[in-house]
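Below is one structure, written out as structure tokens; the observations come after it.
The values are calculated or read from the model by the stated rules, or taken from the named source; none is laboratory data. Just so it is clear, the model here is predicted, and its values are computed rather than measured. Heads up, the Cβs are rebuilt from the backbone with ideal geometry, glycines too, and the neighbour counts pull from every protein chain shown.
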Amino acid sequence: MKIIETDIVVIGAGPVGLFTVFEAGLLGLNCHLIDNLDKVGGQCIELYPEKPIYDIPGVANQTGKEHIDALLDQIKPFDYEVHLNQRVNEISEVDDSWKLVTSEGQEFKTKNIFIAAGAGSFEPRKPPVVEPDKFLNRGINYSVRNKSIYEDKEIAIFGGGDSALDWSVELSKIAKKIYLIHRRDEFRGAQHTEKKMRELVAKEKIILKVPYVIKDINGKDNFTG
């Protein structure tokens, strides 16, 4: 396999990695991005493509997919390539450059490495039960890819971080009933979103259940409870 020589190797093809291409392009530098996922966009695409994002400077709100689409449009004029479904296994210093080797055996030679890995190679946090994926996509989901399928449905959301709070607030607009279930009455998400959630609890738009944890997942062909 031919060694690829480039100005910059970017580890991670999420929002920061894509914006690195833009900044490098302004300086006339070319980039090669490496990502373990099968698509660019990182967590924005893999975990919450339809989740609104409110903390992008100059943008009132934008979904994860809209944000990535905007970044891809922004870097169209510049010179870059993306290498998906592989991770960086080795980094070594060779003379005055860096050598990288991926899990697919592809080698890169560069003077600059930008690490834009975010949370790293990630997987959803699964409940501590036997066969947590038994009903995956049959009533159990770890991310929201199409929020319209939850319209007029009863939904239970487990968690206490930003995603749990954000989706509880967002899906309360279309769902028949939302249960937010957490192991304690303290949350790790943004205070502003927690305040919104508690306002919706007071209006009975969200039913808050604390302190509870998942003990088992039941069902036959589909998840039932």
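Tallying residues that are more than 20 Å from the chain's Cα centre (by Cα) and in a loop (DSSP other than H, G, I, E, B) within segment 142-194 yields 13. Pairs meeting the criteria (first residue in segment 17-36 and in the same structural domain as PHE78 (by TED's automatic domain parsing), second residue in a helix (DSSP H, G or I) and buried (at least 24 other Cβ atoms within 10 Å of the Cβ), beta carbons under 6 Å, at least 6 apart or on different chains) are CYS31/VAL21; LEU33/GLY17. Of the residues making up segment 98-113, just one is under 27 Å from the mean Cα position of the chain (by Cα) and of a type in the set (Phe, Trp, Tyr), namely PHE108. Within segment 100-141, the set of residues being assigned to a strand (DSSP E or B) and modelled with pLDDT of 95 or more comprises LEU100, VAL101, THR102, GLU107, PHE108, LYS109, THR110, LYS111, ASN112, ILE113, PHE114, ILE115.
Suppose we keep only residues that are of a type in the set (D, E, K, R) and not in a strand (DSSP E or B) within segment 80-96. Which one would you say is surrounded by the most Cβ atoms within 10 Å (Cβ to Cβ)? Taking the candidates together, the pick is ARG87. Scanning segment 1-54 for residues that are hydrophobic (A, V, I, L, M, F, W, C), part of a loop (DSSP other than H, G, I, E, B) and under 12 Å from HIS67 (Cβ atoms) gives a single hit, VAL40. Output the residue which, of all residues in segment 146-175 that are basic (Lys, Arg) and within 22 Å of ALA190 (Cα to Cα), is surrounded by the most Cβ atoms within 10 Å (Cβ to Cβ). This residue is LYS147.
What do you reckon, is ILE34 β-branched (Val, Ile, Thr) and loosely packed, with under 15 Cβ neighbours inside 10 Å?
For ILE34, the condition - β-branched (Val, Ile, Thr) and loosely packed, with under 15 Cβ neighbours inside 10 Å - is not met.
Here THR102 passes the criteria (1) surrounded by fewer than 16 Cβ atoms within 10 Å (Cβ to Cβ); (2) among the polar types (S, T, N, Q); (3) under 16 Å from ILE4 (Cα atoms) except the one numbered (1).
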